[in-house]
Ligand SMILES: NC(=O)c1ccc[n+]([C@@H]2O[C@H](COP(=O)([O-])OP(=O)(O)OC[C@H]3O[C@@H](n4cnc5c(N)ncnc54)[C@H](OP(=O)(O)O)[C@@H]3O)[C@@H](O)[C@H]2O)c1
């Protein structure tokens, strides 16, 4: 289900593990010049500088690019986040990206932070114009409700979502409370390529498994941020926008009888 007024473009470029400076800069530049308008990074990814350099190098005006990053990954947080530490983390992102503001700032993981402090501070930064919109990531419905109590303007929840973890209940919940869903690891971190049902749909349409999978995401109205490094994968994924899967194929992918979560670290919430 599409959240009608969501500002998040449906297909973006994921950049996790794309850390070599020139390669990452070139991936971002290639994607933007091909037509992508949404780039996803994070303080954790250690690539905000090359992502910023890619945006700067691309022949696309900054204001046309939807730039999303994330703070408050548990590996970057010592003790409880405070207003000062959150502001400092956001300043660090903007400085590494080389921008005055970002379009979207996610809370990377909820952990057991004081969500009042987190969301009050991010809402202040939004009021000050350093962040256009605030989003969350890896939030359970309970976390989303707590965040919305503090800041009703949270726009999206970025979660692991792919044909092996379709998150139907979470999608339904988010639609009910007006929060958009962004799929991370939309290609199951590369595991979609060995799934016979996906191969069958891809073969029927004469496209790659990646393209068929991303078309399934788009058919469900979620945004997706596949990570792709070289031009061939970046182009293949972008072409998913023009593949309209018939309902029977969407249902066949929904019915894949496997449930696999690839991101379930010790700081993950009780899903
Ligand atoms: N919020 C969070 O906690 C969180 C967690 C994980 C990920 N994320 C975000 O989600 C993004 C995507 O997740 P992900 O990187 O884990 O996995 P993914 O996008 O599901 O899969 C990426 C893998 O698929 C390959 N690939 C991409 N397009 C392809 C194509 N058309 N044909 C064949 N192979 C293709 C990539 O190879 P190449 O790189 O060689 O192109 C890479 O090995 C991340 O980059 C990050 O931005 C967020």
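All of the numbers you see were taken from the coordinates with simple rules; none came from a lab. It should be emphasised that the depicted structure is a prediction, and the values quoted were computed from it without experimental measurement. Neighbour counts are summed over all protein chains in view; Cβ atoms, including those assigned to glycine, are modelled from backbone coordinates with ideal geometry.
Taking 10 °C and 1.306 mPa s as conditions, the chain diffuses translationally at an estimated 85 µm²/s according to Stokes-Einstein applied to its Kirkwood radius (Cα pairs). Here the label points at residue 259 and residue 194, each 7 Å from Cα along the C-beta direction, are separated by 2.1 nm in the simple model. Fewest-first ordering of 96, 259, 200 by other beta carbons within 10 Å of each residue's beta carbon gives 259, 200, 96.
Using only the C-alpha atoms of region 1-139, find the volume of their convex hull and express it per residue in Å³. Please list the in-between numbers first.
Details: hull volume 15.6 nm³, N = 139.
Expressed per residue, the convex hull around the Cα atoms of region 1-139 is 112 Å³.
Hey, fewest Cβ within 10 Å first, where do 55, 256, 234 land in order?
Numbers: 55 22, 256 16, 234 19.
By the 10 Å Cβ count, ascending: 256, 234, 55.
Note on the chain: with a GNM built from Cα contacts shorter than 10 Å, the maximum mean-square fluctuation among 78, 231, 197 falls on 78.
For the chain, DSSP calls about 5 percent of its internal beta bridges antiparallel. Between the C-alpha center of region 2-33 and that of region 89-147 there is a gap of 19 Å. Of all the options 85, 248, 137, the one that moves most in a Gaussian network model of the chain with Cα springs shorter than 10 angstrom is 248. Taken along its three principal axes, the alpha carbon spread of region 61-123 comes to 38, 18, 17 Å, from the longest extent down to the shortest.
Prolate is the label for region 146-206. Its Cα gyration tensor axes, ordered a ≥ b ≥ c, give a/c of at least 1.5 and a/b above b/c. Approximating the spin labels as points 7 Å out from Cα along Cα→Cβ, the residue 172-to-residue 117 distance works out to 3.7 nm. Once the chain from residue 124 to residue 148 is taken as fully extended at 0.36 nm per residue, the excess over their C-alpha distance is 7.2 nm.
Express in % the proportion of alpha carbon pairs of region 70-178 at distances exceeding 22 Å.
Details: 1735 of 5886 pairs.
The answer is 29 percent, as a whole percent.
Going out from 0 in 5 Å bins, what whole percent of all Cα-Cα distances in region 161-257 drops into each bin? Over region 161-257, the share of Cα pairs per 5 Å bin runs 2, 14, 27, 26, 18, 9, 3, 0 percent.
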